[in-house]
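There's a structure below that I have some questions on.
The values are calculated or read from the model by the stated rules, or taken from the named source; none is laboratory data. Not measured: the values here are computed from a predicted model. Positions of Cβ are generated from backbone atoms using ideal geometry, with glycine treated the same way; all protein chains shown enter the neighbour counts. Heads up: the accessible areas ignore ligands, DNA and RNA and are worked out on the full protein's heavy atoms, side chains in. Shrake-Rupley method; radii C 1.70, N 1.55, O 1.52, S 1.80 Å.
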Amino acid sequence: MEKNNLLNKPGVLSLLSSLISIIVGILFGYILLQAFNPSYANKGFAILLTTGFKDAGKFAKVLYSATPIMLTGLSVGFAFKTGLFNIGASGQFTVGAFLALVFAVVFQMPWPVCLFMAIIGGALWGVIPGVFKAYFNVNEVITSIMFNWIGVFLINLLVNNTPYMISKAWGTVNTDRTPELRIANPDAILPKLGLDQVLGNYFNIGIIIAIVVAFVIWVIIQKTTFGYELKACGHNKNASIYAGINAKKNIVYSMMIAGALSGLAGGLYYLSGTTQYTLLKEITTFGFNGIPVALLAVSHPLGTILSALFISFIQVGGDALQPEFAKEIIDMIIAAIIYLSAFSLLMREVIYKLLTKGFGKGGHKA
C-alpha cells in the first residue's frame, strides 16, 4: 500500500498543527478585544500584531523578551525528549540568576564567568530532582515544582540573613533589589556589539547565545550517541536498560542539562543591564512560559526559536494596548493566545486523523 508522503513527515504535521493553533489563539484574542472594548477592538488588534515590528526599539525588545523563554522552552523540551517533565525551570532560572548576579556584583567577575556560574546554579538545581527520579523513583514533577519554591525562599533567606558579602549583592544589607550593573560592574553586562545604537538599549548578545545553544541542543539530540540514548530512555526505559543503556545516569544527565539551560536563561536576562533582580514573593513565570514554548515547538530545539519569538512578539504587542485596555485584560489576551497555542500536540493528532480518514477513502493505492 502506497502511503501519503505528508503523513510520513512528522515535521510537516507539527508545523501545520502549530500554525493552526497560533491562528486559533490570535482569533480568540480578537474575540476578547471585541468583548471588552468593541469600539477599539479593530485598532487594538492591529496594534497587537504590528507593534513588534513597529520600530527597531520594539523589535529589540521582542528579542530581549524572547531570550529567557527560548532557553526555558529548550529546558522543558529537552526533558520532554527524554521522557521527563521539567516543571522546575522557574526555580532553576532563579538560582542561576542569583549566582550570576552574586559573581557580577560581589566578586566583580566579567560576564562570561557570571554566565558560567548561572549555568552551574541551574544545573545543580535541576540535578536534584533527577537524582530523586533515577534512584528513588520519585516523580520529577513533584520534586521539581517544590524546588521552585525552595529556590525562591532560599535566595530570599541568603540575601536577608547571611554575612555582608552575600547581602552586598543587593547593594546594602536587607535591601530588596540588586544595584544597577552599569554602576556596580559594567564588565558583567552582556556585550551589545554596537547594535544598541541601531536597535536600542534592549539589544544584547543574549539572543545570539540562545539561538546558538538551540542549535547545539539539536545537534546533541539528533546527531550524537548520547542524544540517542537519552531519547531511547524517554521512549522506553525498560527496553533501553535491556539494550545496555544506563537509564539512571541518563535521567540525571537530562535533568542536569535542562536545569543548566534554565539557569543560563536567568543569567542572560539579568546580565542584560536593563533590569534589576528583586526579592520574589512568588515563583517567576519565565519557567512556566517555557512550557507552551516547548509544546508549540513540539519540543524541537530549532522550533523553539520560532515559538519563543512569537510569544515574545505577542507580549510586546499586548503591552502596547494600554491604556485603552486594562493590564488584566491584556494578560488574559496574552494568556489565551499562549495557552491555546500550547494545544499544538492535540491539533497534530486532529490533522493526522483527518488526513488519514481522507486518504482512507481513496487516497491509498493497494
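Considering each residue of segment 114-130, count those that are in contact with a helix residue (DSSP H, G or I) (Cβ under 6 Å, 6 or more places away or on another chain) and open to solvent by 50 Å² or more (accessible area, probe 1.4 Å), and give that number. Give the steps one after another, and end with the answer.
Of all residues in segment 114-130, those in contact with a helix residue (DSSP H, G or I) (Cβ under 6 Å, 6 or more places away or on another chain) come to 114-115, 117-119, 121-123, 125-127, 129-130.
Okay, now just the ones that are also open to solvent by 50 Å² or more (accessible area, probe 1.4 Å), so 119.
Residues flagged as in contact with a helix residue (DSSP H, G or I) (Cβ under 6 Å, 6 or more places away or on another chain) and open to solvent by 50 Å² or more (accessible area, probe 1.4 Å) within segment 114-130 amount to 1.
Yes/no matrix, rows are residues, columns are (1) within 10 Å of the chain's Cα centre (by Cα); (2) open to solvent by 20 Å² or more (accessible area, probe 1.4 Å); (3) modelled with pLDDT of 90 or more:
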{"site": "GLY259", "(1), (2), (3)": "no, no, yes"}
{"site": "LEU268", "(1), (2), (3)": "no, no, yes"}
{"site": "LYS281", "(1), (2), (3)": "no, yes, no"}
{"site": "PRO292", "(1), (2), (3)": "yes, no, no"}
{"site": "LEU302", "(1), (2), (3)": "no, yes, yes"}
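Kindly provide the set of residues from segment 36-54 that are open to solvent by 70 Å² or more (accessible area, probe 1.4 Å) and either modelled with pLDDT under 90 or β-branched (Val, Ile, Thr) (or both), ordered by number. Give the derivation first.
Narrowing segment 36-54 to residues open to solvent by 70 Å² or more (accessible area, probe 1.4 Å): 36, 38-39, 42-43, 50, 53-54.
Result: PHE36, THR50, PHE53, LYS54.
Take the conditions touching a residue at least 40 places away in the same chain (Cβ under 8 Å), open to solvent by 10 Å² or more (accessible area, probe 1.4 Å) and either in a helix (DSSP H, G or I) or charged (D, E, K, R) (or both) and apply them to ILE69. Does it pass?
Details: touching a residue at least 40 places away in the same chain (Cβ under 8 Å): yes; open to solvent by 10 Å² or more (accessible area, probe 1.4 Å): no; either in a helix (DSSP H, G or I) or charged (D, E, K, R) (or both): yes.
No.
Same structure, new question: Given the condition of a type in the set (Lys, Arg) and not in a helix (DSSP H, G or I), answer yes or no: does some residue in segment 42-52 qualify?
Keep residues of segment 42-52 that are of a type in the set (Lys, Arg), which gives 43.
Narrowing the set further to residues that are not in a helix (DSSP H, G or I) leaves none.
The answer is no, given that none of the residues of segment 42-52 is of a type in the set (Lys, Arg) and not in a helix (DSSP H, G or I).
Filter segment 209-227 for residues that are loosely packed, with under 15 Cβ neighbours inside 10 Å and out of contact with any Pro (no Cβ under 9 Å at 6 or more places or on another chain); which is nearest to PHE59 (Cα to Cα)? Quick ask: steps written out before the conclusion?
Start the filter on segment 209-227 by keeping residues that are loosely packed, with under 15 Cβ neighbours inside 10 Å, which leaves 212, 215-216, 219, 222-226.
Applying the additional criterion that residues be out of contact with any Pro (no Cβ under 9 Å at 6 or more places or on another chain) yields 212, 223-226.
Details: VAL212: 19, LYS223: 33, THR224: 35, THR225: 38, PHE226: 37 Å.
Filtering first and then ranking leaves VAL212.
Pairs only if they're at least six apart or on different chains, beta carbon under 7 angstrom, first in segment 169-192 and within 15 Å of VAL106 (Cβ to Cβ) and assigned to a helix (DSSP H, G or I), second at pLDDT 85 or above and open to solvent by 40 Å² or more (accessible area, probe 1.4 Å); list them, first residue then second.
ASP187/PRO110; ASP187/TRP111; ALA188/MET109; ALA188/PRO110; ALA188/TRP111
Still on this structure, I have one more. With respect to LEU264, determine if the residue is surrounded by fewer than 21 Cβ atoms within 10 Å (Cβ to Cβ) and aliphatic (A, V, I, L, M).
Criteria not met by LEU264.
Could you go through segment 335-348 and let me know if any residue there is at pLDDT below 75 and among the charged types (D, E, K, R).
In the first step, residues of segment 335-348 are kept if they are at pLDDT below 75; the result is 337-348.
Among the residues that remain, those that are also among the charged types (D, E, K, R) are: 348.
The answer is yes, given that some residue of segment 335-348 is at pLDDT below 75 and among the charged types (D, E, K, R).
Another question about this same structure. Among LEU16, LEU63, which is the only one that is open to solvent by 10 Å² or more (accessible area, probe 1.4 Å), closer than 29 Å to ILE87 by Cβ, modelled with pLDDT of 90 or more and of a type in the set (A, V, I, L, M, F, W, C)?
The conditions single out LEU63.
Right, something else. Right, TYR253: part of a helix (DSSP H, G or I) and over 24 Å from LEU13 (Cα atoms) or not?
Details: part of a helix (DSSP H, G or I): yes; over 24 Å from LEU13 (Cα atoms): yes.
Taking the combined requirement at face value, the residue satisfies it.
Right, next: Out of the residues in segment 237-247 meeting the condition of being open to solvent by 20 Å² or more (accessible area, probe 1.4 Å) and in contact with a helix residue (DSSP H, G or I) (Cβ under 9 Å, 6 or more places away or on another chain), tell me which one is modelled with the lowest pLDDT.
Restricting attention to segment 237-247, the residues satisfying the condition of being open to solvent by 20 Å² or more (accessible area, probe 1.4 Å) are 237-239, 241-246.
After this cut, where a residue has to be in contact with a helix residue (DSSP H, G or I) (Cβ under 9 Å, 6 or more places away or on another chain) as well, the list is 237-239, 241, 243, 245-246.
Values: LYS237: 79, ASN238: 82, ALA239: 83, ILE241: 84, ALA243: 85, ILE245: 88, ASN246: 91.
Only one residue tops the list, namely LYS237.
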